[in-house]
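First up is the structure itself, then whatever we jot down about it.
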Amino acid sequence: MVERCCRTLSLLLIGLGALQPLSLRAEEDIFELQLEQLEQVIVLARKRAEDIQEVPLSISAFTSKDLLQMGVSDLVDLAPFVANFEIDTPNNLRNSAIAIRGIGSSGTNPGIEPSVGVFVDGVYLPSSAQALGELSDVATVEILRGPQGTLYGRNTPVGALNITTRRPDREFATLLRIGAGDYDLYTASGYVGGSVSDTSAARLAFWARDRDGYERNRLNGHRVDDNRDYGARLRWAVDPSDTVAIDAIVFAQHIQRTCCVAEQRDVHGPFGIASPGFLDAQIALGYPFINFNDHDHKVDADDEGDDTTDFWGASLQAEWDLEGGATLTSITSYQDWRNEVVISATALPQPVFISDQRQDNTVWSEELRIASAPQTMEYLAGLYLYRQDTSYNQGNVIGAGANRVFPPGVCGGVAPCVLVPGDSGGTDFDQKTSSIAAFGSATWNLTGLWDSTAGLRLSYDEKSAYIDQFNSPTASDAYNFAQPAAFIGHEQRDESNVTWSLSSRYQFTPSAMGFVTIATGYKSGGYNARRQPVGAAYEFDPEKSITYETGLKSTWLDQHLLINATLFHTKLDDFQEAALDPLTGAGFIVTNAGERRVRGVEIDSTVLPFRHLEIIGSVGYMDAEYSSYENGQCPLDRVPNGALPGTCDFSGDTPPKSPEWKWHLGAQWTQAAGQFEFTARTDYAWTDRQDMSPSLDEGTRVRSYGLLNARVGVGTSDGEWHVAAYVKNATDETYYLESATQPLNGLVSGGGESGAGGYVGWYGPPRTWGIELSWQPSAGGRSKGPE
């Protein structure tokens, strides 16, 4: 496949001489779109405002207009439509992870750092979950593939997500958007802003979203997996002179979810949970198993989950234009993120295990950088200071439904042993991270058509941790076996690292640019925050990567056709992999597993076949494998053959969450009729099948699926109001966003002295529909529609 992509790219390069010059036009509103030529998209990927067609890296960018046209309200909505970009959303918000090219933070361990750096208005967010709220009043969402550490304050070993909100204008502006839909969906969002004084302007954005759950709980009839999200952001911009710009940003957000109850999958399949022994044990316990249909959006669970997140922060950004054209930028930020959750653990009707968990992140950071004006040699240099305090506390209690019988000898005696309701224990984990980094890049404009860039990053990280895994003094022998206690105490580690990047781009014609990039990435080591089996290491080492890219960015046919294509190859050394505790299925253990590589292609295209129609498409292909992984956690259907006893050699296998193909095709129609504008939009996104578990269990594989969305709208030509109706997942496709082996199966009887088998999955949303009304009174008379 990669060879075919190379031939295709070569053919495109051969035809570059026939391309027409690039003609850029200013960004227009959605209701003024004439579709005569492709619009310019400005991004801040390299800390400068640039046309996306001039940036020598694989990047997908979405403006606020794009998000509105697609009906996207958050990043989870957006992910299916972006090549080689995934968001995992398992059993609670804290455990969410963002992946680029199949690589993201593995597992749900608070001690592991994200592989994809998330930045909002230049501020790094240490947890992917902190970015998963409403996308309200944003200017752009940029997905940058490949290491970005020589441009960004915090390390970004495989890519970055860069979100920029709107800066307030002096002119008064206001927008109110309300919506309603099935599953008792109600939404409200908007902003109000304008001049505060002769030198300043402010803008207040707000959002609220409330809906019932997509699943029905057979046990009590409740709707589960619901969501409530509301918040606000105040941005105050001060321009005291022509050379100084200051922005102060304050925000707060609250998310409340009954999340997320899993479905029992393929219960009669190989190693499915519904074995005769399990079914008999359930009847004897008084909770007969009845949840045999894994496609009906009905679950059967005692533990419904209670997931609450509060997040607030503030940043102060200042820019000074210096003599000679250079710009000095300072970004000072503070953030406080708290997640409290009662885990929905087993997806079974009996009370097996109650787990209260809380994680707090408090972060302070300072970034100071200087960027030169465009010249023969351009430079960007920065200094970054970072401090993060993370605490993770967990309290566990065994319920009356934990009916596992452990065989003789396991608990230290000659008789079988059982868990006792009320057995309890917990975890206290505190980690402090201090980091300092110097980074920079220099670009040499060798000719008017050719330039090359070199980047370097020097970083030093220091981490200290306190770890205490404790059990109640009255805990049973069975509990002490299943949940072994360990007091680790205080630990400290420090490490330094150098990463670099080299890139070169050539402007073949005014409308076509080719580039080649090599970049290294780095993710620091740390400590496991979860309870470990006896003998497991609590500390893991850094992960390193190197990425090679070559690509083409081009427009054709007098700017009626855009084709951007990138070939890539990434290699990870000592990648940080996580797997469920093989004894109980509770908690993820992080280890350095070996080597992993992924190669493939990303293609983005837009075509304007005639005036009113725009067609957008993207495709991503990944060929991923474990180059060397000799001690993986064995799946249920595999005989151990690994380097360590009880492990499996996964060398040559495809890693989880690496779909081979992913593509999207969308079409937007815009038509004027008198004083009105009519729009129609349809999008289809397809994702290939993929394994979801680090142990590569066939039972956790999810099949390929396609999502069809449609949206129609009408509004006034001056943009004062607009109404739209939409349907998402129009074909009512049943699919899973995540899947795993049965959690806590070591605590549930599968008959006799064996534990339960089985697999669970977390549903994607079913078919939903709704309407939205936008009102923008400040647009009247200015020919400017809703943003």
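The values are calculated or read from the model by the stated rules, or taken from the named source; none is laboratory data. Computed from a predicted model, the values in this text were never measured in an experiment. Cβ placement follows ideal geometry from the backbone for every residue including glycine, while neighbour counts extend to all protein chains displayed. In case anyone asks, the SASA skips ligands and DNA or RNA and just uses the protein heavy atoms, side chains included. Shrake-Rupley method; radii C 1.70, N 1.55, O 1.52, S 1.80 Å.
Evaluate the following for residue 279: is it surrounded by fewer than 19 Cβ atoms within 10 Å (Cβ to Cβ), aliphatic (A, V, I, L, M), modelled with pLDDT of 95 or more and not in a strand (DSSP E or B)? Working first, answer last.
On the way: surrounded by fewer than 19 Cβ atoms within 10 Å (Cβ to Cβ): yes; aliphatic (A, V, I, L, M): yes; modelled with pLDDT of 95 or more: yes; not in a strand (DSSP E or B): yes.
So residue 279 passes the test.
Hey, does the range 116-127 have a residue that's more than 21 Å from residue 231 (Cβ to Cβ) and not small (Gly, Ala, Ser)? Show your work before the answer.
The first filter runs over the range 116-127 and keeps only residues more than 21 Å from residue 231 (Cβ to Cβ), leaving 116-117.
From what's left, not small (Gly, Ala, Ser): 116.
Yes; the residues of the range 116-127 include at least one that is more than 21 Å from residue 231 (Cβ to Cβ) and not small (Gly, Ala, Ser).
Test residue 694 against the stated conditions and say whether it is within 25 Å of the chain's Cα centre (by Cα), farther than 20 Å from residue 78 by Cβ, at pLDDT 90 or above and not in a strand (DSSP E or B).
Working: within 25 Å of the chain's Cα centre (by Cα): yes; farther than 20 Å from residue 78 by Cβ: yes; at pLDDT 90 or above: no; not in a strand (DSSP E or B): yes.
When the stated conditions are applied, residue 694 does not pass them.
Of the residues that sit in the range 628-661 and are touching a strand residue (DSSP E or B) at 6+ places or on another chain (Cβ under 9 Å), assigned to a loop (DSSP other than H, G, I, E, B) and open to solvent by 60 Å² or more (accessible area, probe 1.4 Å), which one is modelled with the lowest pLDDT?
636
Filter the range 62-105 down to residues that are more than 10 Å from the chain's Cα centre (by Cα) and acidic (Asp, Glu) and give me whichever is nearest to residue 681 (Cα to Cα).
66
Taking the options 432, 463, name whichever one is in a strand (DSSP E or B), closer than 30 Å to residue 392 by Cα and open to solvent by 50 Å² or more (accessible area, probe 1.4 Å). Quick ask: steps written out before the conclusion?
Details: 463 fails: open to solvent by 50 Å² or more (accessible area, probe 1.4 Å).
Residue meeting the stated conditions: 432.
Which of the numbered conditions does residue 263 fail, given that it passes all the others? Conditions: (1) open to solvent by 10 Å² or more (accessible area, probe 1.4 Å); (2) closer than 18 Å to residue 221 by Cβ; (3) in contact with a strand residue (DSSP E or B) (Cβ under 6 Å, 6 or more places away or on another chain); (4) among the charged types (D, E, K, R).
(1)
In the range 181-241, which strands (runs of 3 or more DSSP E) lie fully inside it and hold 2 or more residues that are more than 28 Å from residue 333 (Cβ to Cβ)? Please lay out each step first, then the result.
On the way: elements: 185-197, 200-211, 215-217, 227-241.
The strands (runs of 3 or more DSSP E) meeting that bar are 185-197, 200-211, 215-217.
Check the range 441-452 and report whether any residue there is touching a Lys or Arg at 6+ places or on another chain (Cβ under 7 Å) and either buried (at least 16 other Cβ atoms within 10 Å of the Cβ) or modelled with pLDDT under 95 (or both).
As a first pass, look at the range 441-452 and keep what is touching a Lys or Arg at 6+ places or on another chain (Cβ under 7 Å): 451.
From what's left, either buried (at least 16 other Cβ atoms within 10 Å of the Cβ) or modelled with pLDDT under 95 (or both): 451.
The answer is yes, given that some residue of the range 441-452 is touching a Lys or Arg at 6+ places or on another chain (Cβ under 7 Å) and either buried (at least 16 other Cβ atoms within 10 Å of the Cβ) or modelled with pLDDT under 95 (or both).
Which of the residues spanning the range 526-542 are under 23 Å from residue 104 (Cα atoms), part of a loop (DSSP other than H, G, I, E, B) and not small (Gly, Ala, Ser)? Even if it seems obvious, please write down each step before you answer.
Within the range 526-542, the subset under 23 Å from residue 104 (Cα atoms) is 526-532, 536-542.
Cutting the leftovers down to part of a loop (DSSP other than H, G, I, E, B) gives us 528-532, 536-538, 541-542.
Scanning the range 526-542 gives 528, 530, 531, 532, 538, 541, 542.
Among what's in the range 362-383 and is surrounded by fewer than 21 Cβ atoms within 10 Å (Cβ to Cβ) and β-branched (Val, Ile, Thr), pick the residue that is modelled with the lowest pLDDT.
Among those that are surrounded by fewer than 21 Cβ atoms within 10 Å (Cβ to Cβ) and β-branched (Val, Ile, Thr), it is 376.
One line per residue, one yes/no per condition, for (1) part of a strand (DSSP E or B); (2) under 28 Å from residue 316 (Cα atoms):
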residue: 99; (1), (2): yes, no
residue: 118; (1), (2): yes, yes
residue: 161; (1), (2): yes, yes
residue: 171; (1), (2): no, yes
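Scan the range 467-476 and tell me whether some residue there is in contact (Cβ under 8 Å) with a residue 24 or more places away in the chain, open to solvent by less than 10 Å² (accessible area, probe 1.4 Å) and either over 30 Å from residue 335 (Cβ atoms) or part of a strand (DSSP E or B) (or both).
Checked the range 467-476: at least one residue is in contact (Cβ under 8 Å) with a residue 24 or more places away in the chain, open to solvent by less than 10 Å² (accessible area, probe 1.4 Å) and either over 30 Å from residue 335 (Cβ atoms) or part of a strand (DSSP E or B) (or both).
Go through (1) free of Cβ contacts under 8 Å to residues at least 40 places away in the same chain; (2) open to solvent by 50 Å² or more (accessible area, probe 1.4 Å) one by one and return the number of the condition residue 491 breaks.
Of (1) free of Cβ contacts under 8 Å to residues at least 40 places away in the same chain; (2) open to solvent by 50 Å² or more (accessible area, probe 1.4 Å), only one is false for residue 491: (1).
So if I check each of 451, 428, which one is closer than 30 Å to residue 557 by Cβ and charged (D, E, K, R)?
Values: 428 fails: closer than 30 Å to residue 557 by Cβ.
After ruling out the rest, the residue left standing is 451.
Residue by residue, here is whether (1) part of a loop (DSSP other than H, G, I, E, B); (2) in contact with a helix residue (DSSP H, G or I) (Cβ under 9 Å, 6 or more places away or on another chain); (3) among the aromatic types (Phe, Trp, Tyr) holds:
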| site | (1), (2), (3) |
| --- | --- |
| 363 | no, no, no |
| 367 | no, no, no |
| 381 | no, no, no |
| 384 | no, no, yes |
| 388 | no, no, no |
| 391 | no, no, no |
| 400 | yes, yes, no |
| 413 | yes, yes, no |
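Tell me which of these residue 244 doesn't satisfy, since it passes every other one: (1) touching a residue at least 60 places away in the same chain (Cβ under 8 Å); (2) over 30 Å from residue 343 (Cα atoms); (3) of a type in the set (A, V, I, L, M, F, W, C); (4) surrounded by 17 or more Cβ atoms within 10 Å (Cβ to Cβ).
(4)
Just the residues that are open to solvent by 80 Å² or more (accessible area, probe 1.4 Å) and in a loop (DSSP other than H, G, I, E, B), please, taken from the range 282-303.
To start, the set of residues in the range 282-303 that are open to solvent by 80 Å² or more (accessible area, probe 1.4 Å) comprises 283-284, 290, 292, 295, 298.
Across the range 282-303, the qualifying residues are 290, 292, 295.
Name the single residue, out of those in the range 333-361 being more than 25 Å from residue 427 (Cβ to Cβ) and assigned to a strand (DSSP E or B), that is least open to solvent (accessible area, probe 1.4 Å).
First, the residues of the range 333-361 that are more than 25 Å from residue 427 (Cβ to Cβ): 333-334, 349.
Applying the additional criterion that residues be assigned to a strand (DSSP E or B) yields 333-334.
On the way: 333: 4, 334: 89 Å².
Here the residue is 333.
I need the full set of residues from the range 543-565 which are crowded, with 20+ Cβ neighbours inside 10 Å and not in a strand (DSSP E or B), in order please.
If the condition is that a residue be crowded, with 20+ Cβ neighbours inside 10 Å and not in a strand (DSSP E or B), then 559 is the only one that fits.
Quick check on my filter: what residues within the range 191-220 are crowded, with 16+ Cβ neighbours inside 10 Å, of a type in the set (Gly, Ala, Ser) and in contact (Cβ under 8 Å) with a residue 24 or more places away in the chain?
Those that are crowded, with 16+ Cβ neighbours inside 10 Å, of a type in the set (Gly, Ala, Ser) and in contact (Cβ under 8 Å) with a residue 24 or more places away in the chain: 193, 200, 201, 202, 205, 213.
Which members of the range 39-85 meet the condition of being open to solvent by 30 Å² or more (accessible area, probe 1.4 Å) and not in a loop (DSSP other than H, G, I, E, B)? It would help to see each step written out before you state the result.
Just the residues of the range 39-85 that are open to solvent by 30 Å² or more (accessible area, probe 1.4 Å), to begin with: 39-42, 44, 46-49, 54, 66, 74, 76-77.
Within the range 39-85, 42, 54, 66, 74, 76, 77 qualify.
The conditions are (1) under 20 Å from residue 528 (Cα atoms); (2) touching a Phe, Trp or Tyr at 6+ places or on another chain (Cβ under 9 Å), and residue 395 fails exactly one of them. Which is it?
All conditions are met except number (2).
Select from the range 382-415 the residues that are more than 30 Å from residue 345 (Cβ to Cβ) and in contact (Cβ under 8 Å) with a residue 60 or more places away in the chain and list them in ascending order. Break it down into steps so the answer makes sense when it comes.
Residues of the range 382-415 more than 30 Å from residue 345 (Cβ to Cβ): 382-387, 414.
If the condition is that a residue be more than 30 Å from residue 345 (Cβ to Cβ) and in contact (Cβ under 8 Å) with a residue 60 or more places away in the chain, then 382, 384, 386 are the ones that fit.
Just give me the residues in the range 304-326 being under 25 Å from residue 119 (Cβ atoms), open to solvent by 40 Å² or more (accessible area, probe 1.4 Å) and either in a strand (DSSP E or B) or among the acidic types (Asp, Glu) (or both), in sequence order.
Within the range 304-326, 310, 312, 316, 319, 320, 321 qualify.
Pairs only if they're at least six apart or on different chains, beta carbon under 8 angstrom, first in the range 260-281 and more than 12 Å from residue 759 (Cβ to Cβ) and in contact (Cβ under 8 Å) with a residue 12 or more places away in the chain, second open to solvent by less than 40 Å² (accessible area, probe 1.4 Å) and aromatic (Phe, Trp, Tyr); list them, first residue then second.
Correct list of pairs: 260/762; 278/289.
Table: residues versus (1) surrounded by 20 or more Cβ atoms within 10 Å (Cβ to Cβ); (2) modelled with pLDDT of 95 or more.
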{"residue": "687", "(1), (2)": "yes, yes"}
{"residue": "718", "(1), (2)": "no, no"}
{"residue": "741", "(1), (2)": "yes, no"}
{"residue": "752", "(1), (2)": "no, no"}
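Does residue 409 count as part of a loop (DSSP other than H, G, I, E, B), over 26 Å from residue 463 (Cα atoms) and open to solvent by less than 30 Å² (accessible area, probe 1.4 Å)?
Values: part of a loop (DSSP other than H, G, I, E, B): yes; over 26 Å from residue 463 (Cα atoms): yes; open to solvent by less than 30 Å² (accessible area, probe 1.4 Å): no.
No: the conditions fail for residue 409.
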